[in-house]
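The values are calculated or read from the model by the stated rules, or taken from the named source; none is laboratory data. Small disclaimer: the values here were computed from a predicted structure and weren't measured. Cβ: placed from backbone, ideal geometry, glycine included. Neighbour counts: every protein chain shown. SASA here: full protein model, heavy atoms, side chains in, ligands and nucleic acids out. Shrake-Rupley method; radii C 1.70, N 1.55, O 1.52, S 1.80 Å.
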Amino acid sequence: MREQRAARPADPYDLLELDRLLTPDERAVRDSVRAFCDRRVGPDIARWFEQGAIEDIRGLTKELGELGVLGMHLDGYGCAGMSAVDYGLTCMELEATDSGLRSLVSVQGSLAMYAIWAFGSEEHKQEWLPRLAAGTAIGCFGLTEPDAGSDPGSMRTVARRDGADWILDGRKMWITNGSVADVAVVWARTEEGVRGFVVPTGTAGFSAVEMKHKMSLRASVTSELVLDAVRLPATAVLPEVRGLRGPLSCLDEARYGIAWGAMGAARSAFTSALAYAGDRVQFDRPISSFQLTQAKLTDMALELAKGTLLALHLGRAKDERGLRAEQISFGKLNNTRAALEICRTARTILGANGISLEYPVIRHANNLESILTYEGTVEMHTLIIGQALTGQPAFR
Ligand code: FAD
């Protein structure tokens, strides 16, 4: 009788043996972040998502600081000075747990800390970076406004001079970590163009209100910031940048991490679906034995491996020579789109269980709806790549 079952490879989750492309040190970084996530966050994350709140976010942030992942790709001021690949692998593990966890780390390290590290004064760096790296302080990044999302150049938040001081007025929307932050990097229109300000959140006139009713990124704090005649000293402005290049270069840092992170969420959904398909019996056979299920699993494995290779390629290039904006868009666009498709397909394999928080799949799929939109929507990244291909900007 013909043997029905062929031997499976040692690791069906890594058919291409991409693991071999990593150095032992890189694997060690990845494994330590994975172990932390499995121990500290994994057991609670579905409940946090359901509640719409991370329990003890301050304690968790401090532990992430002790793990060394906050601003880990920056040098000095208490930051770990790791490579872009190490940071990417970390984002992948964090997001395999939940996109909200990766967002907490991305906003802290790639947006708030990077802005201060790249464009701040020596005093800004000394005051904030060690605490943000240790996780004893939380940072947020305020760019988006109610009427300025994809087009941040239309922002209305203004900063005007009053003697030597600055006065900030305006509103920021959808700000991750906003109402738990100790410091906000706020971008505002000035007479000299867009400038960034380091705003301690205890400053009079600053308030942050948590935004509720999200069906995505529920295990993440999202807030509206209100700046009502916030008086700041002359030294509050980030001295080293003017114009939209400031916020956009911070976004590039975070978008790079998302290209990796999205593959983490996709890997988690794929792993669930493959295991489920092997266990679930219908018509007297495991559903993994049906050709239609195998076609889905095969497509998921292909996209997951291609997206992971793309992220690793970008990471190696970033470490060697840096990345151009359209290269980062390539990774963010492809990998968020692919990850969402993988999660949706995984959901179908789990049938009705696919919509339950007992499994991570619907949580990842819902989270990825935010990831698809924030840090530049699908359309914005398409236009960035389109401009690189044709030389013609089609944004307006
Ligand atoms: P819009 O800009 O209004 O876009 C709506 C639709 O129109 C999109 O599909 C868009 O692609 C399309 N569109 C717009 N212009 C064009 C065009 N020229 N051509 C074709 N299509 C176009 N922002 C921060 O500053 N800090 C944060 O920490 C932060 N965290 C976030 C967390 C979450 C959970 C979410 C959901 C958002 C967060 N954001 C944050 C905001 C996010 O960056 C914006 O939502 C995003 O930039 C899109 O802006 P918008 O929502 O105003 O959509």
| What relative contact order, as a whole-number percentage, does segment 245-390 give when Cα pairs under 8 Å and 6 or more residues apart are counted? | 33
| said: Taking 8 Å as the Cα distance limit and 6 or more residues as the minimum spacing, I'd like the relative contact order of the chain as a percentage. | reply: 17
| said: Let me check something: with ligands and nucleic acids excluded, how do 62, 172, 296, 318 order by accessible area (1.4 Å probe), largest to smallest? | reply: 62, 296, 318, 172
| Can you work out the FRET efficiency for the pair residue 382 and residue 248, with r the C-beta to C-beta distance and R0 = 25 Å, to the nearest 0.05? | 0.90
| Probe 1.4 Å, protein heavy atoms only - accessible area per residue of segment 139-236 in square angstrom | 41
| field | Count, lysine Cα pairs under 27 Å in the chain, 8 or more residues apart or across chains | value | 16
| query | To the nearest 10 Å², what's residue 72's accessible area with a 1.4 Å probe? | reply | 0
| said: I'd like the Karplus ³J(HN,Hα) series for segment 245-252: coefficients 6.51, -1.76, 1.60, θ = phi - 60°, whole numbers in Hz, and an x wherever there's a Gly or Pro. | reply: 4, x, x, 5, 6, 5, 4, 4
| query | At a Förster distance of 25 Å, what's the computed FRET efficiency of residue 58 paired with residue 204, Cβ-Cβ distance as r, to 0.05? | reply | 0.60
| said: Using protein chains only and a probe of 1.4 angstrom, how many square angstrom of residue 381 are accessible, to the nearest 10? | reply: 0
| remark: Residue by residue through segment 219-225, the couplings from Karplus 6.51 cos²θ - 1.76 cosθ + 1.60 with θ = phi - 60°, in Hz, x for Gly and Pro, are 8, 7, 7, 10, 9, 9, 9
| Calculated [θ] (222 nm, deg cm²/dmol) that DSSP helices of n ≥ 4 give over the chain, each run adding -39,500 (n - 2.57) | -15500 deg cm²/dmol
| task | First compute the accessible area of segment 207-287 with a 1.4 Å probe, then give the percent of it belonging to carbon and sulfur atoms. | result | 55
| field | Long-range HN-HN contacts of residue 173 with modeled amide H, under 5 Å | value | 144, 145, 225
| field | Pairwise FRET efficiency - residue 7 versus residue 213, Cβ, R0 = 35 Å, nearest 0.05 | value | 0.10
| note | Once amide hydrogens are built 1.01 Å from N within the peptide plane, the residues lying 5 or more places from residue 194 or on another chain with amide H under 5 Å from its amide H are 243, 244
| Residues in segment 175-218 that a label on residue 66 would reach, taking backbone N under 16 Å of a point 7 Å out along Cα→Cβ | none
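Please list 123, 95, 253 from largest to smallest accessible area, probe radius 1.4 Å, with all protein chains kept in place.
I get 123, 253, 95, largest accessible area first.
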| request: Rank 186, 216, 199 by how far each Cα sits towards the positive end of the charge dipole of segment 148-250 (+1 on Lys, Arg Cβ; -1 on Asp, Glu Cβ) and give me just the farthest. | output: 216
| field | Karplus-derived HN-Hα couplings along segment 387-395 (A = 6.51, B = -1.76, C = 1.60, θ = phi - 60°), whole Hz, x at Gly and Pro | value | 5, 5, 6, 10, x, 10, x, 10, 6
| remark: Simple SL model, points at 7 angstrom along Cα→Cβ for residue 44 and residue 302; separation in nm is 4.1
| query | Using a 1.4 angstrom probe and counting only protein chains, how large is the accessible area of residue 114 in Å², to 10? | reply | 40
